[in-house]
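Colleague: First, the structure itself, so that you have it in front of you.
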Amino acid sequence: MSNVVVVGAQWGDEGKGRIVDWLAERADIVARYNGGHNAGHTLVVNGQTYKLALLPSGVVRGKRGMIGNGVALDPEALLAEIARMEALGVRITPEVLQIAETATLVLPIHRAIDAAQEQLRDKPIGTTLRGIGPAYEDKVGRRALRVCDLADPAYLSQRLDLLLAHHNAWFRGLGLETFEKAPLLDALLAMAPKLLPFVGRVWEQLDAAYQAGQSVVFEGSQAVMLDIDWGSYPYVTSSSTVAAGAASGTGIAPSRIGTVLGVSKVYATRVGEGPFVSELDGALGEQLRDRGREYGVNTGRPRRCGWLDAVQLRQAAKVSGIDQLALTKLDVLDGFDSISLCVGYERDGQRIDYIPASDAALVGVRPVLREFAGWSRPTQGARTMDALPAEAVALIEAIEAEVGVPVTMVTTGAERDDVILRDPA
Ligand code: IMP
């Protein structure tokens, strides 16, 4: 298998984890390139559910996992996740996990900033409150602490002074409680010996893997519509979620990232605030939420639900260079009388075939829906196209035609092998 970048093609929660898990069986390495423990990747293996946030999904299979420099890494969250995995019998050793020296650290102060910023916003973003955005702000502001700093207590201490001087002034200005240095530094120094054995030059190991002909799955977190550049700004996360992020977020050359596999549900969901043109407010939205169990893995928040938006998917495919699409959760549509696909937008009687850049320009934009017949024969667990009702095949083919990208995988259930494979046309 060549290298593959797995990218969420919507607003996250598309089921990337299980696609990565499936690909991981055929690959040598799984590498994370963006985001942090704001992500929630669920895998079901032999009836056992694994909920991952920071660990690359391949670790469940004992595949080598890498956390790239583009990841915002909360050391406390990572150690807790490693302990949870070990309790389930998944051994996480330095042979299995390598962390880039240059990944940005997420600290408790970032969680406090995240919460305070959300409270200050007249329109909150609905962040996961994990401190991810503020940690990336510190990275760009050139005052972040990085994983490699854990190896040098004196330098770590200096960097923490700089960080606290900056943020405590802000906390003080708002009349909020400031952060003491000693507990933060002590906690980091206590975690350092547990983390440092995992730390290495990920860029160099990926280059060596390439030279040795090994294949890598780059596991994107969040999705194109949450990308800091390409998403529905400001209702986005703070990292590069698109395929290009795999190169800058791990150190692999862009020419080596391989095939880009976009993952989309056969309907759409979004957590947090922000535009969602094909959203369903009423009973149909609730039916999708119940049938698809659409609640956040990490936060438990109910997800907003709607029909699949081909305008959005088309644009995501272009800006992220999506070569193939994996459609997930087909079985959730089992039993719907009719199913719609958003094939265009309309505003003041004018047809629009792109997502207007500004939030304000989206006011009054309505979805143009194309209706499809539902099906009564269940698709759940189907593993071949022949096993699908004709109506389900027609929907898949219509999505393919509207988006202009071949659908090469379709998932029909929670088990790892509930997957239909199709050759690109
Ligand atoms: P943050 O990444 O916590 O700053 O949150 C910013 C936006 O991204 C919010 O709308 C979150 O709901 C959304 N978000 C972050 N991570 C995920 C994810 O893994 N799945 C879905 N939405 C996410």
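Colleague: Whether any residue in the range 263-274 is of a type outside the set (Phe, Trp, Tyr), under 22 Å from GLN98 (Cβ atoms) and crowded, with 21+ Cβ neighbours inside 10 Å is what I want to check.
Modeller: Scanning the range 263-274 turns up no residue that is of a type outside the set (Phe, Trp, Tyr), under 22 Å from GLN98 (Cβ atoms) and crowded, with 21+ Cβ neighbours inside 10 Å.
Colleague: Under 7 Å by Cβ, and 6 or more places apart or on different chains, what pairs join a residue from the range 145-157 that is under 14 Å from LEU105 (Cα atoms) with one that is of a type in the set (Phe, Trp, Tyr) and assigned to a helix (DSSP H, G or I)?
Modeller: Short answer, once both residue conditions are applied: ASP149/TYR155.
Colleague: Return the residues of the range 65-93 that are more than 30 Å from VAL140 (Cβ to Cβ) and not aliphatic (A, V, I, L, M); say none if nothing qualifies.
Modeller: Listed by number, the residues that qualify are ARG84, GLU86, GLY89, ARG91, THR93.
Residue-wise test of (1) in contact with an Asp or Glu (Cβ under 6 Å, 6 or more places away or on another chain); (2) more than 16 Å from the ligand (Cβ to nearest atom); (3) in contact (Cβ under 8 Å) with a residue 12 or more places away in the chain.
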{"position": "ALA115", "(1), (2), (3)": "no, no, yes"}
{"position": "GLU118", "(1), (2), (3)": "no, no, no"}
{"position": "PRO124", "(1), (2), (3)": "yes, no, yes"}
{"position": "THR128", "(1), (2), (3)": "no, no, yes"}
{"position": "GLU137", "(1), (2), (3)": "no, no, yes"}
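Colleague: Please return the ranges of strands (runs of 3 or more DSSP E) entirely within the range 186-289 where 2 or more residues are touching a residue at least 60 places away in the same chain (Cβ under 8 Å) and hydroxyl-bearing (Ser, Thr, Tyr). Even if it seems obvious, please write down each step before you answer.
Modeller: Numbers: elements: 216-219, 259-265, 267-270.
The qualifying strands (runs of 3 or more DSSP E) are 259-265, 267-270.
Colleague: Somewhere in the range 10-21, is a residue within 14 Å of the ligand (Cβ to nearest atom) and touching a Pro at 6+ places or on another chain (Cβ under 9 Å)?
Modeller: yes
Colleague: Here's something else I'd like to know. Within the range 297-316, which residues are surrounded by fewer than 23 Cβ atoms within 10 Å (Cβ to Cβ), aliphatic (A, V, I, L, M) and either out of contact with any strand residue (DSSP E or B) (no Cβ under 6 Å at 6 or more places or on another chain) or at pLDDT below 95 (or both)?
Modeller: Selection gives VAL297 alone.
So that you can scan it fast, the table gives a plain yes or no per residue for (1) touching a Pro at 6+ places or on another chain (Cβ under 9 Å); (2) more than 16 Å from the ligand (Cβ to nearest atom):
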residue	(1), (2)
HIS166	no, yes
ASP186	no, yes
LEU189	yes, yes
ASP207	no, yes
GLU219	yes, no
THR237	no, no
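Colleague: Quick one: in the range 29-47, which of the residues that are more than 18 Å from LEU107 (Cα to Cα), assigned to a strand (DSSP E or B) and at pLDDT 90 or above is nearest to the ligand (Cβ to nearest atom)?
Modeller: The residue in question is ARG32.
Colleague: To continue, here is another question. If you take the residues of the range 267-320 that are of a type in the set (Asp, Glu) and out of contact with any Lys or Arg (no Cβ under 7 Å at 6 or more places or on another chain), which of them is nearest to the ligand (Cβ to nearest atom)?
Modeller: The extreme case among them is ASP309.
The values are calculated or read from the model by the stated rules, or taken from the named source; none is laboratory data. Computed from a predicted model, the values in this text were never measured in an experiment. Note that each Cβ is placed from the backbone with ideal geometry, even for glycine, and that neighbours are counted across all protein chains shown.
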